[in-house]
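**Q** Can you read through this structure? Questions will come right after.
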Amino acid sequence: MRTQKQTAAGPRVGLILLAAFIGVPLIEIALFIQVGGWIGLAPTLALVVLTAAVGAWMLRRQGISVLMRAQRQLSDGSLPVVEVFEALCLVVAGALLLTPGFFTDAIGALLLVPALRRTLYQQLRQRIEPHVFQGPDDRFGGAADGPPSGPTIEAEFEEVEEPGDRPTMPPPRGDWRRRE
């Protein structure tokens, strides 16, 4: 049953990527034609350059802020999971903002909104968490308040002496010198 889900998701992702690679450029071309018809060629090109410059500036500001929060989390001894997700969103936003086009600029600008990034993180976490965490001790098949009730592994062991406890090796027998 699990393999059916995995194989069914493969073609779905492929179709989504195919639609994105064909659809996004078509949307961008249509928007360039529309905006160019409304405001003219030179203002349209200036607007594309301006959105890339403003996006890069905002990206730098927010990126530094996220980096500082991640460093603070690490120094406090906790993993900066939210900050890593936000940094990933900012990388995608930067790529979209530097790509010429109004549609990609709009999506990139949306990813610069911290509240939207937090909402995306919560939704992604709710979808992934049930598959990752089954319970505090479910990986052993037991309850959290007692010892694991999974399979018992019986084994034998042998004590190994520390290097200082070992007697020195006897000198080699025979003639070990190099013969020429």
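The values are calculated or read from the model by the stated rules, or taken from the named source; none is laboratory data. What you see is a predicted model, and the numbers here were worked out from it, not measured in a lab. Note that each Cβ is placed from the backbone with ideal geometry, even for glycine, and that neighbours are counted across all protein chains shown. Surface areas here come from the heavy atoms of the whole protein model, side chains and all, with no ligands, DNA or RNA. Shrake-Rupley method; radii C 1.70, N 1.55, O 1.52, S 1.80 Å.
**Q** Want the number for residue 123 to residue 78: 0.36 nm per residue separation, take away the alpha-carbon distance, what's left? Mind showing how you got there, number by number?
**A** On the way: separation 45, 0.36 × 45 = 16.20 nm, distance 2.16 nm.
Extra length from residue 123 to residue 78 when fully extended: 14.0 nm.
**Q** For the pair residue 88 and residue 26, how long in nm is the line joining their label points, each one 7 Å along Cα→Cβ?
**A** 2.9
**Q** Over segment 20-67, average the accessible area per residue using a 1.4 Å probe and give it in Å², no decimals. Let's see the in-between values first.
**A** Values: 3340 Å² over 48 residues.
Each residue of segment 20-67 exposes 70 Å² on average to a 1.4 Å probe.
**Q** Roughly how many Å² of residue 81 are accessible to a 1.4 Å probe, to the nearest 10?
**A** 80
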